[in-house]
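The values are calculated or read from the model by the stated rules, or taken from the named source; none is laboratory data. Please read these numbers as outputs of a predicted model, since none were measured by experiment. Because the Cβ atoms are built from the backbone with ideal geometry, glycine has one as well, and the counts that use them run over all protein chains shown.
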Amino acid sequence: MQYPKQIVAKPGESATIFCRVTTKQSITGIHLKKNSKKLLYVDKESGFHIYRGNHHFCVTGNVRNFSVTINNLIHNDTGTYLCDGHADNFEDICGQRTDLKVSSKTEDMKPGPPRESEEIKESEKFRCESLEVCLALICVVVLLAIILLPITIYFIIKCANTRKCFVQRSTHNTVYEDMTLRRDTMISSNCNPNTF
């Protein structure tokens, strides 16, 4: 879980982004990214690692629940921030994103609807889908296959044994039967061939 969704601030102010992991899985670590660029890493073993050039960041908390305060904001801090990490079982853990806008203009200070950053890669948008949803869909498909496969096999065997499911071609020559019928009809009638 990540909040707030949007922050609008003036240069020189501070902004705080909160990242909280709600899964019960053990967490390896969480990155805070800005427009897909890694800014800092929160590790379960050794704490926080702030990457070069991000000296105005202050991190408090632990890998499951931490906050990042960006002090003395500048225009370059504007962007989309994402809490992104992995559980020990390789489950992808992802926040909902925070849009930060640093502006000295008064009209920009009104919060508007959250916008997707154009700089976020398309793969980044879908990478954080819940593993639980995928596993649930796979379980449903496997369950349907387990149920439907024996039923299908049963009906195939039943049809093969009774031969009711297959269309059988008639082995009789229908033209020959028609001619036989006509010939038998002509013989049985009391026609005298000399009367014509």
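Selection over the stretch 47-86 of residues that are modelled with pLDDT of 90 or more and assigned to a loop (DSSP other than H, G, I, E, B) gives a count of 5.
Scanning the stretch 114-128 turns up no residue that is hydroxyl-bearing (S, T, Y), modelled with pLDDT of 60 or more and surrounded by fewer than 10 Cβ atoms within 10 Å (Cβ to Cβ). In this structure, H56 does not qualify as closer than 17 Å to A9 by Cα and exposed (fewer than 14 other Cβ atoms within 10 Å of the Cβ).
Could you list, in sequence order, the residues of the stretch 76-109 that are over 19 Å from P4 (Cα atoms) and either of a type outside the set (F, W, Y) or in contact with a Gly (Cβ under 6 Å, 6 or more places away or on another chain) (or both)? Result: N76, H86, A87, D88, N89, E91, D92, S104, K105, T106, E107. When you scan the stretch 60-69, do you find a residue that is surrounded by 15 or more Cβ atoms within 10 Å (Cβ to Cβ) and either closer than 17 Å to R97 by Cβ or of a type in the set (G, A, S) (or both), even just one? Yes: one or more hits.
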